Amino acid sequence: MKIDRLISIIMVLLNNERVSAVELAEMFEVSTRTIYRDIETLSLAGIPIVTFNGVNGGISIMEEYKVDKKLFTISDISTILMGLSSVSTTISNKELIGTLEKVKSLLPKAQVKDIELKSNQITIDLTTWMGNKSFKSNIDKIKSALNDNKLLEFEYYGTNRIKDKRIIEPYKLILKENNWYLQGYCTFKEDFRVFKLSRISNLKILDEVFWQREFIEKPLDGSGWIDKRLIKIKLLVDWSLREQMVERCGEDNVKAFSDDKFIVDFPFVADDLGYNILMGFGDKCECIGPENMRLELIKRIRKLLSVYEK
């Protein structure tokens with residue numbers, strides 16, 4: 001595509017003092033005439049391009065308009081690269097490679113090896129061990145719809161177990177606590193809604209393009225939902241779960257009880273998900289209060305046991 005070539009030409013010119021039209025033509029596998037037309041297009045767009053005649057001639061961008069490569073330190077670029085690697089689940093390999101190369105170009109070539117060494121010292125991997133392979137396909141579709149302002153159609157399982165067909169205007173894709181969420185305007189509810197990707201099926205991009213309205217973002221902090229139902233319960237937990245409890249509850253809510261046990265003030269919602277979380281800790285965790293929560297947990301454990309005793 002011409003627009004991709006134009007952007008690439010700008011990147012080449014920014015990263016080189018001077019490049020000949022022949023070199024650019026060979027690089028992009030087009031004729032020199034096409035390159036000159038591209039340069040004219042860039043000039044008309046306001047890009048400050050200058051050309052030089054003679055043996056050492058070529059095409060360049062005015063030096064004062066180039067980014068000062070000393071603006072970014074090795075540490076700065078390493079941090080950017082680590083951030084890019086953490087979102088690799090949502091960026092295709094081709095996109096990621098191109099972006100990494102552009103970021104690396106912000107520093108002199110002599111420092112690229114140092115950058116790669118430092119950026120590889122810390123890896124942020126947000127993928128699960130096994131994962132849902134359909135997520136990548138759905139995320140790619142959502143990204144495409146976000147870029148092109150196209151409507152999305154899908155079937156959605158609500159908390160009431162009823163599957164509804166939805167058509168939405170997509171506005172934002174969010175990763176929170178290993179779960180993906182899509183925020184958009186639901187044409188059925190006529191309001192902005194949050195959709196959990198694991199409840200979405202048969203996702204399709206529609207041909208219809210929508211005009212973006214003022215985006216009213218829904219907070220994903222539990223306000224108006226979790227916070228009204230949240231209570232604190234006390235757990236007696238084995239030392240092997242300490243890291244998980246500190247991450248979930250904070251250091252202040254984790255108190256030593258004995259050499260191999262500790263007490264946790266655990267934020268809890270009394271629903272299926274909440275009890276399933278507690279049961280997921282197995283015999284390393286005991287609910288010691290309040291009493292009604294403890295009794296309900298015992299009831300659910302007995303019900304689970306009955307499934308295996310049949």
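Miscellaneous remarks
- Consider the range 7-25 and keep the residues that are modelled with pLDDT of 85 or more and not hydrophobic (A, V, I, L, M, F, W, C). The one that is most open to solvent (accessible area, probe 1.4 Å) is GLU23.
- Contact map, the range 27-40: first residue at pLDDT 85 or above, second residue basic (Lys, Arg) and part of a helix (DSSP H, G or I), Cβ cut-off under 7 Å, separation 6 or more or different chains; pairs are ASP38/ARG5.
- Members of the range 38-61 that are surrounded by fewer than 11 Cβ atoms within 10 Å (Cβ to Cβ) and among the hydrophobic types (A, V, I, L, M, F, W, C): LEU44, ALA45, VAL55
- Selection over the range 1-42 of residues that are within 37 Å of the chain's Cα centre (by Cα) and in a helix (DSSP H, G or I) gives a count of 24.
- For the range 193-206, the candidate set comprises residues that are within 16 Å of the chain's Cα centre (by Cα) and open to solvent by less than 20 Å² (accessible area, probe 1.4 Å); within that set, the residue that is modelled with the highest pLDDT is PHE195.
- Breaking point among (1) surrounded by 15 or more Cβ atoms within 10 Å (Cβ to Cβ); (2) part of a loop (DSSP other than H, G, I, E, B), for VAL264: (2)
- Answer from GLU177, GLU116, GLU190 - the residue that is out of contact with any strand residue (DSSP E or B) (no Cβ under 8 Å at 6 or more places or on another chain) and modelled with pLDDT of 85 or more: GLU190
- Here the range 278-288 is the region considered, the condition is being on the phi < 0 side of the Ramachandran plot and open to solvent by less than 50 Å² (accessible area, probe 1.4 Å), and the residue that is farthest from the chain's Cα centre (by Cα) is CYS287.
- Listed by first and then second residue, the pairs linking a residue in the range 127-151 that is open to solvent by 80 Å² or more (accessible area, probe 1.4 Å) and aromatic (Phe, Trp, Tyr) to a residue that is modelled with pLDDT under 85 and assigned to a helix (DSSP H, G or I), with Cβ atoms under 8 Å apart and 6 or more places separating them unless they lie on different chains, form an empty list.
- Within the range 238-259, being under 27 Å from ARG302 (Cβ atoms) and not in a helix (DSSP H, G or I) holds for ASP238, PHE257.
- Members of the range 274-310 that are among the β-branched types (Val, Ile, Thr) and within 21 Å of SER240 (Cα to Cα): ILE277, ILE288
The values are calculated or read from the model by the stated rules, or taken from the named source; none is laboratory data. Since the model is a prediction, treat every value here as computed from it, not as a measurement. Every residue, glycine as well, gets a Cβ built from its backbone with ideal geometry; the counts of neighbours run over all protein chains shown. SASA here: full protein model, heavy atoms, side chains in, ligands and nucleic acids out. Shrake-Rupley method; radii C 1.70, N 1.55, O 1.52, S 1.80 Å.
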